[in-house]
């Protein structure tokens, strides 16, 4: 609770510690119409584009992910030319097709992971803020320990134990990122539960369903949505980093992170650096695009959430 | 004052202990135990039983854990499973230098520059300089390390035409400047990665202090803005800034993993990746503990610095 007290007199306190990082919490529900800034609109365009590629890329791709565009001309890292508009990779496969195939995999795994993290985190977080102190304390301690492990390290240990497959990746990402979601939703829940309007609703005799959906949700939605965006970015970075280390999506399946790894050689003895640049730009444009949207949403929600990224 | 310090340090130790349990249990989920892996095909029932006896693998899990923890604290990390009869300590002492040099050089170069840039941005909020810096860090902060690394390689190697895309050669007998040029690509990449966050967070921390009433008072008294920042705001912002620095140094601990693999030089990070690939769980346990402990300690410093600098947090209600 001490975290939340801080907000009221934040003018007198230098905040910004790991303890007091809920500066995105606000006193009043967001008011006014939500409008995107120019950079936010760019973010939306980029994100919609990648979502489209993720859904339909594999049907629109000129080649299958492991097909060779030029079966007769066998040389790696070819420059872009008609037939392979982004050139070819280390095994002479079409970069463009692999980026399109990889989109679905990278985005799909990350989205599934962040949804799992949210289901676990929000359920336990809100539950913990309503439940008794003992359960709350136990959960908080447990998640604090989870938070003390660097995400990539956690991923390495899990992959070492269970091997790497897409389901393992999704569940690992979901588990690793649930503590942060738990912390945020617990703080939000605690904050809102003691508000006067919740008290009023209780006194009015409203049921839990009303309180959760009509009182808590409208007030928690904005911070949770912008945090969802942030978490999505983190999960994309996590999954691609694991793949980059060779411990995520396994070859010959295309995935943006593993494409960077496969084509590292292009930097030293390739005709072009596109094989490595294309997937890297794909990831960066997607995450930066989402970040631009998150910036807008969190500015609207009152706090600068992305300041914590 | 002291009680809360001791409490925080105690909490840090407890967290490390919790982390050690997670790592130990996690690595024990690996198929096959040390005796099986070590004996391989040549194992017989008797030899397996004998070796398990010797390694203490027939004990209950919690006893194995305490045994492992006790040895770990004493610096006895055990023997590698994958690389013959090499001890883990040997493996680590061969590799730790690169990691340590790159991280500390990053801290030495990246931190002062980024903090300085952040403070200047906070001095002149809303100016062109501030906007460019903010936009730059918004872009870089969300990009993966290997994207930044690729940009650095393109710029340094292809555009400027100097150096090599990978780090090669030995670091023996090199002085500081030579070391910096040797690791120029990993260091600049890591610096950029942490700078993106550091600049934003430093700026936010200083701006936060700048919005307090006593600063308003100082401005109303007619003190020039530069002096207000330097004399009035900065002193109170030191705590938050140290906190921010510690958080970002903790981030370097994980960022360095990708960077080492990218630039292809060997260090602790490549060692742990290799451990995962060869399923050498004793190696993973040890390195996992080292990385996590560093991370926890840095986070603890972040926590302590904000408590020490803020009387309100020293006496929580």
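Bear in mind these aren't lab numbers, they're just calculated from the coordinates by the rules spelled out. Nothing here was measured: the structure is a model prediction, and the numbers come from that model. Quick reminder, even Gly has a Cβ in these numbers, built from the backbone with ideal geometry, and neighbours come from all protein chains shown.
Once a ≥ b ≥ c are taken as the square roots of the eigenvalues of the Cα gyration tensor of the stretch B:96-266, is the result rounded (a/c under 1.5), prolate (a/b larger than b/c) or oblate (a/b not larger than b/c)?
Numbers: a/c = 2.64, a/b = 2.17, b/c = 1.21.
In terms of gyration-tensor shape, prolate.
Using Cα springs under 10 Å in a Gaussian network model of chain A, which residue among A:83, A:121, A:40 shows the largest mean-square fluctuation?
A:83
Which shape class, rounded, prolate or oblate, goes with chain B when its Cα gyration tensor gives a ≥ b ≥ c as root eigenvalues, a/c under 1.5 marks rounded, and past that a/b bigger than b/c marks prolate? Please list the in-between numbers first.
Numbers: a/c = 3.21, a/b = 1.61, b/c = 1.99.
Cα axes put chain B in the oblate bin.
Pairing the Cα long axis of helix B:88-123 with the longest principal axis of chain B, what angle in degrees results, from 0 to 90 and rounded to the nearest 10?
Around 10 degrees separate the two axes.
Label 7 Å along Cα→Cβ of residue A:64; the stretch A:98-112 residues with amide nitrogen under 13 Å?
Once the point is set 7 Å along Cα→Cβ of residue A:64, nothing inside the stretch A:98-112 turns out to lie under 13 Å by backbone N.
As I understand it, the value is the acute angle between the Cα axis of helix A:95-130 and the longest principal axis of the Cα atoms of chain A; what does it come to in degrees, rounded to 10?
Tilt of helix A:95-130: around 20 degrees.
Mind checking the angle between helix A:151-162 and chain A's longest principal axis? C-alpha axes, 0 to 90 degrees, to the nearest 10.
Long axis of A:151-162 versus the principal axis of chain A: about 70 degrees.
Could you tell me the relative contact order of chain A? Use alpha-carbon pairs under 8 Å, at least six residues apart, and round to a whole percent.
Numbers: 455 pairs, mean separation 84.1, N = 309.
With pairs under 8 Å counted, the relative contact order is 27 percent.
Would you mind computing, in nm to one decimal, how far apart the modelled labels at residue A:73 and residue B:176 are, each placed 7 Å from Cα along Cα→Cβ?
5.3
So what's the back-of-envelope 222 nm ellipticity for the protein assembly as shown, counting only DSSP H runs of four-plus at -39500 (n - 2.57) apiece and dividing by all residues, rounded to 500? Could you put the intermediate results ahead of the total?
Numbers: 25 runs with 429 residues, N = 626.
Result for the protein assembly as shown, helices only: -23000 deg cm²/dmol.
Test of understanding: ordering A:67, A:255 by Cβ neighbours within 10 Å, fewest first, what list do you get?
On the way: A:67 14, A:255 30.
Listing A:67, A:255 from fewest to most nearby Cβ atoms yields A:67, A:255.
Which of B:284, B:171 comes first, and how do the rest follow, when ranked by fewest Cβ neighbours within 10 Å? Show your work: numbers first, answer last.
On the way: B:284 27, B:171 14.
Placing the least packed residue first, the sequence is B:171, B:284.
Using only Cα atoms, locate the centre of the stretch B:170-205 and the centre of the stretch A:44-120, then give the distance between them in Å, rounded to an integer.
33
At a 10 Å Cβ-Cβ cut-off, how would you order A:237, A:224, fewest neighbours first? If you can, show how the numbers build up before the last one.
Details: A:237 25, A:224 20.
The order, fewest Cβ neighbours first, is A:224, A:237.
So, in Å, what gap is there between the alpha-carbon centers of the stretch B:83-147 and the stretch A:177-211?
Cα centres, the stretch B:83-147 to the stretch A:177-211: 39 Å.
Using a/c under 1.5 as the rounded threshold, could you call the protein assembly as shown rounded, prolate or oblate? The axes a ≥ b ≥ c are square roots of the C-alpha gyration tensor eigenvalues, and prolate needs a/b larger than b/c, oblate otherwise.
On the way: a/c = 1.42, a/b = 1.21, b/c = 1.17.
It comes out rounded by the Cα gyration axes.
Hey, in the GNM for chain A with a 10 angstrom Cα cutoff, which one of A:112, A:173, A:221 fluctuates hardest?
So, out of A:112, A:173, A:221, the one fluctuating most is A:221.
Looking only at B:115, B:245, B:156, which one moves most when chain B is put into a Gaussian network model with springs between Cα atoms under 10 Å?
With Cα springs under 10 Å in chain B, the top fluctuation among B:115, B:245, B:156 is at B:156.
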